[in-house]
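These notes concern the structure reproduced below.
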Amino acid sequence: MNLIFLGAPGAGKGTQSVAVAEILNIPHISTGDIFRYNIKEGTPLGKEADSYISKGQLVPDDLTVSIVVDRLNKDDCKDGFILDGFPRTIYQAEALDKFMASVDKKIDYAVNIQVDEDSLVDRLSKRRFCPACSGTFHVDYTPLTSDDCPTCGAKLIQRKDDTPEVIKERLETYHEKTAPLTDYYSEKGCLLNVEGVPGIEKSLKNTLTALGIEK
C-alpha cells in the first residue's frame, strides 16, 4: 500500500504515519527527518534547508522532490511506503505522480488528518524534540518529569519552528500552499478525511478504520 499523510503542522500525521507504517511493515519516509538529520550534521543540504525551515517556510520544490524520488527508488519501498510531509505543494504532487507512473505504481490513499487551528497552536507550542534520538513529545500527552528525553536521556529542546511566531507563519504557509492538496487528491478519488480527535489511540483508530486495517 502506497500512502500519503496530509494535515496541518501539529495535526499528528507524523505520529500516526509511523504507527501505520509499523502495522503494515512498510517504510515511513519523512522529509522532515531527512532535513533535520542534515541540519544536525551541518551538511550543505542541511544549511540550505535550515535557511527556510527556521523561518517557517517550505524548502524549494525541486530540492525536496529530488530527495524523495531518490528515497522511493530504494529496494525497501517496492512493496509500499508512507510519505509524511510530502508532497506539500501541487507541483510536488504532480512530480510524485509522474514518478509513480514511471514505475507503474500509484498512490492508493491520501489520508488527511483534520484538526481545528486553536488545537494545532496548542499542540505545537507544547511539543518538545530530542536532538539525539529524534523523539517528539508533548507535555500534555507524555508527562515529563524533567527536561531529559524519556527515551535516551538527552536534553529536550523546543524546535525553532515550534515557537509562536513561526507557528503562525507555518500555518499561513500551509493554508496557502499545502491545503489545496486535499482538493487535488479528492479529484483523484483517493482522499480519506480523518478526524484528528484528542488522544493518539483514538485518532489512530479513526485512521485505521478509514483505511480498512484491523490492528
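The values are calculated or read from the model by the stated rules, or taken from the named source; none is laboratory data. Just so it is clear, the structure is predicted and the values come from calculations on it, not from any experiment. Don't worry about glycine lacking a Cβ; one is built from the backbone with ideal geometry, like all the others, and counts go over all protein chains shown. All accessible areas refer to the heavy atoms of the entire protein, side chains included, with ligands and DNA or RNA removed. Shrake-Rupley method; radii C 1.70, N 1.55, O 1.52, S 1.80 Å.
Flag: S134 matches the condition of being among the hydroxyl-bearing types (S, T, Y), part of a loop (DSSP other than H, G, I, E, B), open to solvent by 40 Å² or more (accessible area, probe 1.4 Å) and closer than 27 Å to E172 by Cα. Quick check on my filter: what residues within the stretch 79-130 are small (G, A, S) and modelled with pLDDT under 95? Scanning the stretch 79-130 gives G85, S119, S125.
Of all residues in the stretch 67-85, none satisfies being surrounded by 14 or more Cβ atoms within 10 Å (Cβ to Cβ), among the polar types (S, T, N, Q) and in a loop (DSSP other than H, G, I, E, B).
Please name all residue pairs, on different chains or six or more residues apart, with Cβ atoms under 6 Å, provided the first residue is in the stretch 127-145 and is closer than 11 Å to T15 by Cβ and touching a residue at least 40 places away in the same chain (Cβ under 8 Å) and the second residue is in a loop (DSSP other than H, G, I, E, B) and open to solvent by 70 Å² or more (accessible area, probe 1.4 Å). Between residues of the stretch 127-145 that are closer than 11 Å to T15 by Cβ and touching a residue at least 40 places away in the same chain (Cβ under 8 Å) and residues that are in a loop (DSSP other than H, G, I, E, B) and open to solvent by 70 Å² or more (accessible area, probe 1.4 Å), there is no close pair. Counting only residues that are at pLDDT below 90 and at positive phi, the stretch 22-45 holds 1 of them. Taking first residues from the stretch 198-213 that are farther than 16 Å from A110 by Cα and partners that are part of a helix (DSSP H, G or I) and of a type outside the set (S, T, N, Q), the Cβ contacts under 9 Å between residues at least 6 apart in sequence or on separate chains come to I200/A19.
What are the residues in the stretch 18-43 that are hydroxyl-bearing (S, T, Y) and over 14 Å from R88 (Cβ atoms), if any?
Going residue by residue through the stretch 18-43, those that are hydroxyl-bearing (S, T, Y) are 30-31, 37, 43.
Y37, T43, listed by residue number.
Taking the criterion of being of a type in the set (G, A, S), within 16 Å of the chain's Cα centre (by Cα) and under 14 Å from I34 (Cβ atoms), the only residue of the stretch 57-93 that qualifies is G85.
Could you list, in sequence order, the residues of the stretch 1-17 that are in a helix (DSSP H, G or I) and farther than 20 Å from S186 by Cβ? Talk me through it step by step, then tell me what you get.
Start the filter on the stretch 1-17 by keeping residues that are in a helix (DSSP H, G or I), which leaves 13-17.
Passing the criteria: G14, T15.
Any chance the stretch 56-63 includes a residue that's part of a helix (DSSP H, G or I), of a type in the set (A, V, I, L, M) and at pLDDT below 85? Yes: one or more hits.
Among the residues of the stretch 158-209, those identified as modelled with pLDDT of 90 or more, open to solvent by 20 Å² or more (accessible area, probe 1.4 Å) and of a type in the set (A, V, I, L, M) are L191, L192. Give the residues of the stretch 56-66 that are buried (at least 16 other Cβ atoms within 10 Å of the Cβ) and touching a residue at least 60 places away in the same chain (Cβ under 8 Å), sorted by residue number. Once the filter is applied, which keeps residues that are buried (at least 16 other Cβ atoms within 10 Å of the Cβ) and touching a residue at least 60 places away in the same chain (Cβ under 8 Å), the stretch 56-66 yields G56, L58.
Residues to consider are V194, V166; find the one that is under 25 Å from E22 (Cβ atoms) and touching a residue at least 12 places away in the same chain (Cβ under 8 Å).
Details: V166 fails: under 25 Å from E22 (Cβ atoms).
None of the other options fit; the residue is V194.
Taking the criterion of being closer than 16 Å to V68 by Cα and more than 9 Å from the chain's Cα centre (by Cα), the residues of the stretch 5-32 that qualify are I26, P27, H28.
Output the residues belonging to the stretch 87-126 that are under 22 Å from L192 (Cα atoms), open to solvent by 60 Å² or more (accessible area, probe 1.4 Å) and in contact (Cβ under 8 Å) with a residue 12 or more places away in the chain. Passing the criteria: R88, Y91, K105, K106, Y109, Q114, E117.
Within the stretch 21-55, the residues that satisfy the criterion of being closer than 23 Å to Q158 by Cα, open to solvent by less than 70 Å² (accessible area, probe 1.4 Å) and not in a helix (DSSP H, G or I) are I29, S30, G42, T43, S54.
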